[in-house]
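Down below is the structure, laid out as structure tokens.
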Amino acid sequence: MRVHDERGDEPMNEDRPHILGLVWDRLLLAFLRKALPADRFRVTVAETLDAAVDALFTHRPDLVVVAAAPDAAAGTASCRELQAVDEVPVIVLVPSADSAGAVRALTCADDYVALPVAPMELEARVRAVLRRAGTRSRQGQPIYDDGILHVDLQNRTANLGGDPLALTPTEFRLLALLVASPGRLFPHGDLLRRVWGAAYSEDAHLLRLHIANLRRKIEKPGGHSYIRTHRQIGYAFEPAPPAEHAAESRG
């Protein structure tokens, strides 16, 4: 699997900080398990950058540890991609000999840790970043439900009037980003970077096509318009007013 939870045999404790580890190297994975034990942390592991981006939506971690071996350049690039999707605290693990890499890491990450390092030091650095950021209650709820449109961010499902919506992975990622921050205006370039990556940040036509397809799937004719267009700026998700969705439900 490309994303999995590292829970061990410990009982579940949902008060534990939730850490997402982007780890390519098996030795670093073993180190991460030792430094962030299951009785004190919930750890989700992603083996690729794409899997880590998906995990930001599905698992909503409090912090990301990027362990990019053998150099810091990949870690810094991954950090930028992840923070373009979600403003999550990030710690980058950097080989101790790569001082330039450490400087680059600090341009995007909240902290870096030079390897090799004692497991207890990494745990301490993780806790320090969490304290500074505040363990995230995360804006928005894992489920949006107004009686007509239902979006489950964790299970990656959506339905309209009780009927499942056939959304592509990209359409769901776009919807999830909008739903997680209701009322927030996302500029075109911001949405493109967060959903498709920095290489697509100028492709407004691509975004318009996906927004049009998404609207056709989630908006009933004559019903509530969930996606509001701000001309030449971007888009925002507008939840249905209680009176409106109650009337639609009765209809």
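Please treat every number below as a calculation from the coordinates, not as lab data. This structure is a prediction, so every number in the text was calculated from the model and none was measured. Cβ placement follows ideal geometry from the backbone for every residue including glycine, while neighbour counts extend to all protein chains displayed.
Calculate the FRET efficiency for A118 and E87 from the Cβ-Cβ distance with a Förster distance of 22 Å, rounded to the nearest 0.05.
Working: r = 29 Å, r/R0 = 1.33.
Given R0 = 22 Å and the Cβ-Cβ separation, E is 0.15.
At a Förster radius of 25 Å, what calculated FRET efficiency corresponds to the Cβ-Cβ distance of I233 and R80, to the nearest 0.05? List each step's numbers first, then the result.
Details: r = 23 Å, r/R0 = 0.94.
The computed FRET efficiency comes out at 0.60.
So what are the ³J(HN,Hα) numbers for region 213-220, from phi and the Karplus equation (6.51, -1.76, 1.60; θ = phi - 60°), rounded to whole Hz, Gly and Pro as x?
5, 5, 4, 4, 8, 9, 10, 6
Between D15 and K217, what length in nm is gained on full extension when 0.36 nm per residue of separation is reduced by their alpha carbon distance?
On the way: separation 202, 0.36 × 202 = 72.72 nm, distance 3.65 nm.
Extra length from D15 to K217 when fully extended: 69.1 nm.
Amide H neighbours of V90 under 5 Å, counting only residues 5+ apart in sequence or on other chains, H built in-plane at 1.01 Å?
V64, D110, D111
Give the order of V126, V88, V103 when sorted by the count of other beta carbons within 10 angstrom, beginning with the fewest. Write out the running numbers ahead of the final one.
Values: V126 23, V88 19, V103 13.
Result, fewest neighbours first: V103, V88, V126.
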